[in-house]
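One structure below.
Each value in this text was obtained by applying a stated rule to the coordinates, not by laboratory testing. Treat the numbers as computed from the prediction; the structure is a model and nothing was measured. Cβ: placed from backbone, ideal geometry, glycine included. Neighbour counts: every protein chain shown.
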Amino acid sequence: MSAPVLVAMSGGVDSSVAAALLVETGHDVTGVTLKLWGGESDSGCCSVGDVEDARRVAAQLDIPHYVFNFADDFEAKVVAPYADDYASGRTPNPCVECNRSMKFGRLLERADALGFEAVATGHHARRRASESGYHLVRGADLAKDQSYVLYMLGQRELARARFPVGELTKTEVRAHAARLGLRTAAKPESMDVCFISRREGRERFLGSRVPARPGAVVDAAGVVVGHHEGIAGFTIGQRRGLGVSTGERRYVLDVDAATATVTIGSRTDLLRDAARVEALTFAAGSPPPAHHELLLQVRAHGTPVAGWLDGDVVRFATPQPRVAPGQVVAFYDGDTLLGGGIAAA
Amino acid sequence: MRSDALAYLDYAATTPMRPEAVAAMSPYLSDVFANPSGGHAAARAAKTALEEAREEIAALLGTEPFEVVLTGGGTEADNLAVKGAARAARDAGRGRGVVTTAFEHKGVLAACDHLERDGFRVKRVAIDRGGIVDLDDLAAALDGDTAVVSVMLVNNEIGTIQPLDDVAALVRERAPQAVLHTDAVQAVPWIDVAAAAAPADLVAVSAHKFGGPKGMGALVVREGIVVAPLVEGGGQERGLRSGTSNVAGAVAMAAALRVTATERAAVVTRVAALRDRLVAGLAAAVPDCFFNGDAARKVAGNCHVGFPGVEAEALLVALDRAGVCAAAGSSCSSGATEPSHVLEAMGMARADALASIRLSLGPPSTDADVDAALATIPAAVERLRPVGAARA
């Protein structure tokens, strides 16, 4: 029996198959489901039904299963900053912060203390080892690739992380689950922010935490062209739901939290040739050589574009729509993740 | 199923059935299967068994057979007592006040929350640092509008025995119209409930805590005490708990209670010695550990211990991986460990509460169980300390 591995099981098909694959390859596997959220939500991984699915899959695989209650930390490190970010006009990615603080933060720490050699998840990404260290490579199923939300993993985390389903396409994952008769084989994917229910929606959730402040919608010249009920409904680059009809396509150019002002303009007005990034991390521990050509990805399923890193500024080879502050900019060399950062205001 | 490879230290959660109880119930699962409410010979046999079981339960609980209402467990008995007595009082115009303690079992607390939503005034009396109800606070909470008072006999997490005589004296003096309920679920294996719960009007017990089957309990409803039923139907259990009688469960509960009462003195002496050895061993091996609940006032099977800087949730996993079964806080439906409302009610710092676990012994406990705990816990605490310390 090989070294013990702790698998984070959400109750979904990917992590169910991740656990199954590790069991099949002879690992000493233990499953854990994180209870992250105490509030109401129908879309996330914290409902009793999802925990029960994870527990039943673990029982079917004949592995121990635990529930870790990280709700306090999740509120402090993921949910509260999410609400604060929107209130300050940013567009946060809570899945990224959850991976950083929960799965590859607190869970990894606890796994270490309990003597587990590795932590596995159901993420679609591939881990490679070479003489220069560990690398994270896009998942075999490019349409499902999740390396972007794992941009913060460094050598310390990559040494312990395992992504068993990263080598498979989603179709293969489901086929595998069906072959094993796992109850999660046909379970639909969760697409939404796990702590916000579909019924409630983002704006009502945010409104319950930070009172919405109505304000003006202005054009690029500062002329008031409309009004809004709160900036939380707007993100830079957004085209729909602006509540303003100008006859031509308009995009959100800027969200100013201090004055609750939303600025809109044409797609040309939105283009930028650079973006400043914060909280830079690099898988290798140090940045790639200056002006080394990179592929830059600025949203979870966006197409990467050419560019390079210049200190804490990413520069695009051709102008790109402005990156909303709070969004991740991930750097790739081909399919290999080099690191990333968070777009600054 | 108890495996010899496991050191089971979670008897406050549940116990294995006594062999006597298994043997006693067996005929009533097959041969004597009839519905005791029927009018034929088969029904009469079942009815006789049910009523003999009730008589035995009543005798062992120091009450009369007609005062024993059989229920589907302790939580149901608590709900019937608290909601039933409060609603009956309201219907009779006898007040809308409910007084309980902050560290009751959820079966009582959730029932009180429900009554509060229905317009009752609920007061939750404070608990002192040792885990004993604050009698001054109780006295202040009682008044002429108090309809129901619910104070547990033994706390399920820290094992402290509550001064029910003193509680009853205060209730009779300050709220003579009130009905006094006690949740005695955790008391039966360790103290003579017939005597200890004598001053209460309503007494809840649960069979699986003393070697009986799960899903079987009873509420003692003393003569003259009115409670409104929760479950209505065929009018079984004097109309207080409708539904076809669980004859096998009642017979098994009676058998388990009989054995428990017969062996209680010897079990208490033996288990207290085991528990004391466990406590001494932990104190010696982990000098900064702390014990929760007044040691002089707790039942023999309870050891509630905290390890500064160690997350109980992680410690329980480490123990489980080493074959030691223990518990912390109370389990919610998802299985996650929630911070203990009992320790919070006692005024413990949240960090200390989250660093505490319950090791509960029972009649089957052995020296080997204590040896396993002492061989495992100090090492696990040592290994987990850096994580907790880093977070402190």
* **Computed [θ] at 222 nm, deg cm²/dmol, chain A (DSSP H ≥ 4; -39,500 (n - 2.57); rounded to nearest 500)** => -6000 deg cm²/dmol
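Taking the Cβ of B:Gly329 as the center, what net charge do the other residues with Cβ under 11 Å away carry, scoring Lys and Arg +1 and Asp and Glu -1?
On the way: positive: B:Arg358; negative: B:Glu157, B:Glu313, B:Glu338, B:Glu344.
Result for the neighbourhood of B:Gly329: -3.
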* Which loop-located GluC sites (Glu not before Pro) does segment A:236-345 contain, where loop means any DSSP state but H, G, I, E or B and the Cβ has at most 13 other Cβ atoms within 10 Å? -> A:Glu248, A:Glu293
* Could you please report the charge total around B:Ala256, scoring K, R as +1 and D, E as -1 over all other residues with beta-carbon less than 13 angstrom from its beta-carbon? => +2
* Residues B:Met216, B:Met348, A:Met191 arranged by fewest to most Cβ contacts within 10 Å -> A:Met191, B:Met348, B:Met216
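Can you tell me the relative contact order of chain B? Whole percent, Cα pairs under 8 Å, sequence separation 6 or more.
On the way: 822 pairs, mean separation 86.8, N = 392.
22 percent.
What is the local net charge at B:Asn156, summed over the other residues whose Cβ is closer than 10 Å to its Cβ (Lys, Arg +1; Asp, Glu -1)?
Details: positive: B:Lys106, B:Lys209, B:Arg358; negative: B:Glu104, B:Glu157, B:Asp183.
Result for the local shell: 0.
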* **Within chain A, longest stretch free of exposed trypsin sites (Lys or Arg not before Pro) [DSSP loop, at most 13 other beta carbons within 10 Å]** => A:1-197
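Contact order normalised by length for segment B:76-176, with contacts defined as Cα pairs under 8 Å and 6 or more residues apart; what percent is it? The partial results should precede the final answer.
Working: 154 pairs, mean separation 30.1, N = 101.
Across segment B:76-176, relative contact order equals 30 percent.
Give me D for the protein assembly as shown in µm² s⁻¹, whole number, from Stokes-Einstein with Rh from the Kirkwood sum over alpha-carbon pairs, 37 °C and 0.692 mPa s. Mind dumping the intermediate values first?
Working: Rh = 29.3 Å.
Using the Kirkwood radius from Cα pairs, D works out to 112 µm²/s.
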* Asked: In µm²/s, what is D for chain A at 37 °C and 0.692 mPa s, where D = kT/(6 pi eta Rh) by Stokes-Einstein and Rh is the Kirkwood radius from Cα pairs?
  -> 154
* Would you mind checking the tilt of helix B:312-321 against the longest principal axis of the Cα atoms of chain B, expressed as 0 to 90 degrees and rounded to 10? => 90
* Within 10 Å of each residue's Cβ, count the other Cβ atoms and sort A:Tyr148, A:Tyr134 from fewest upward. => A:Tyr134, A:Tyr148
* Asked: Which of B:Ala228, B:Ile127, A:Gly166 sits closest to the plus end of the dipole of the protein assembly as shown, meaning its Cα is farthest towards the positive end, when Lys and Arg get +1 and Asp and Glu get -1 on the C-beta?
  -> A:Gly166
* Asked: Ranking B:Thr15, B:Thr101, B:Thr366, A:Thr318 by Cβ neighbours within 10 Å, fewest first, what do you get?
  -> A:Thr318, B:Thr366, B:Thr15, B:Thr101
* **Pairs of lysines in the protein assembly as shown (C-alpha under 24 Å apart; 8 or more residues apart or interchain)** => 21
* At a temperature of 25 °C and a viscosity of 0.890 mPa s, determine how fast segment A:206-345 diffuses translationally according to Stokes-Einstein, using the Kirkwood radius over alpha-carbon pairs as Rh; express D in µm²/s, rounded to the nearest whole number. => 151
* Structure fact -> In whole angstrom, largest first, the equivalent ellipsoid semi-axes that the Cα gyration tensor gives for segment B:58-214 are 22, 18, 15
* Value of [θ]222 nm, deg cm²/dmol, for chain B, DSSP H segments ≥ 4, -39500 (n - 2.57) each, nearest 500 -> -13000 deg cm²/dmol
* Could you size up the charge dipole of segment A:186-345 around its Cα centre, putting +1 on the beta carbon of Lys and Arg and -1 on that of Asp and Glu, and report it in debye to the nearest 20? => 600
* **Cα point-scatterer Debye curve for segment B:184-259, base-10 log of I(q)/I(0) at q = 0.14 Å⁻¹** => -0.49
